[in-house]
Amino acid sequence: MIELIREKNKKKVAEASAKIVLQEIKKKPNLILGLATGRTMAPFYKELVKRAKKEKISFANVKTFNLDEYAGIREKDKESLRYFMNKNFFSKVDLKKENINFLDGKARNFKKECLRYENKIKKSGGIDLQVLGIGRNGHIAFNEPGSSIKSKTRKVRLSEETRKVDFGSLKDAPEFALTTGISTILNSRKILLLTFGKEKKKAVQNSLHGKISSKVPASFLRRHKKVIFVVDEACYD
Ligand code: GLP
């Protein structure tokens, strides 16, 4: 079941989403929180940091797991998703370093690394709340169209569309990434997908009302019991 929350604009989407996350932390201070990257997430993290400060909510007992990372890219590289997280969120809250979990894009053995990550999520007790964005082609994390509902954490080839959108040009973009799978995401107890802008309208429509199919990976979210979509008017009218 997907609950749809429609907000006026990008700012309101960020505010409403930050509120949902903070409510969960208030209920469970040692929340296991799944996090996402992307342009959509920048205003959301900004709002989350601001509100947490204002309401004096601490992340000291929260554990985080990010969804994905580019393969072959180091944590320190500006293109890495870890870099994005450090800059937009990790450096701004009182999360403990040992409670931050990330896929290592520079791991020697990607299979082992993906298994390690999948097991670490399980050992932690599983994700309580997974935050998600959505790609223009309906991808979630780096589960591109064609991904199976049973998929787990693995190395994937990125679509040309995703590489162009994320990096501007194909020549600068990595070809592969490590990503948690659709089944990894669906194992979360609650899922919050936030998005805005007309570029995402088709993806949102197809996810909510189209056929549930691997052609639109986000449509698999309809198989989950507790999903909230927070969208703006531009991507849902
Ligand atoms: C990226 C990420 C996704 C993200 C999506 C949308 O490739 N792997 O986790 O949700 O694409 O990104 P953006 O928010 O920049 O539109």
Checking K123 against (1) touching a helix residue (DSSP H, G or I) at 6+ places or on another chain (Cβ under 6 Å); (2) free of Cβ contacts under 8 Å to residues at least 40 places away in the same chain; (3) basic (K, R), the condition it does not meet: (1)
When the stretch 20-31 is examined, which residues are found to be part of a helix (DSSP H, G or I), out of contact with any Lys or Arg (no Cβ under 7 Å at 6 or more places or on another chain) and not acidic (D, E)? I20, V21, Q23, I25, K26, K27
Could you check Q205 against (1) polar (S, T, N, Q); (2) touching a helix residue (DSSP H, G or I) at 6+ places or on another chain (Cβ under 8 Å); (3) assigned to a helix (DSSP H, G or I) and say which number it fails? (2)
Does E113 count as loosely packed, with under 15 Cβ neighbours inside 10 Å and not in a loop (DSSP other than H, G, I, E, B)? no
Across the stretch 129-180, what is the total count of residues that are away from the ligand (no atom under 13 Å from the Cβ), acidic (D, E) and at pLDDT 95 or above? 1
Selection from the stretch 49-68 of residues within 16 Å of the ligand (Cβ to nearest atom) and either in contact with a His (Cβ under 8 Å, 6 or more places away or on another chain) or not in a strand (DSSP E or B) (or both) yields L67
Within the stretch 146-165, the residues that are of a type outside the set (K, R), part of a helix (DSSP H, G or I) and touching a residue at least 12 places away in the same chain (Cβ under 8 Å) are E161, T162, V165
Selection count where residues are of a type in the set (D, E) and assigned to a helix (DSSP H, G or I), scope the stretch 75-101: 1
What number of residues in the stretch 211-228 are buried (at least 17 other Cβ atoms within 10 Å of the Cβ) and closer than 22 Å to S148 by Cβ? 9
Please state which one of A71, A14 is within 16 Å of the ligand (Cβ to nearest atom), of a type in the set (A, V, I, L, M, F, W, C) and within 30 Å of Q205 (Cβ to Cβ). A14
Which numbered condition trips up G34, out of (1) within 15 Å of the ligand (Cβ to nearest atom); (2) over 21 Å from A234 (Cβ atoms); (3) part of a helix (DSSP H, G or I)? (3)
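The values are calculated or read from the model by the stated rules, or taken from the named source; none is laboratory data. From a predicted model like this one, the values you see are computed outputs, not experimental measurements. For neighbour counting, all protein chains shown are included, and Cβ atoms are generated from backbone atoms with ideal geometry for every residue, glycine included.
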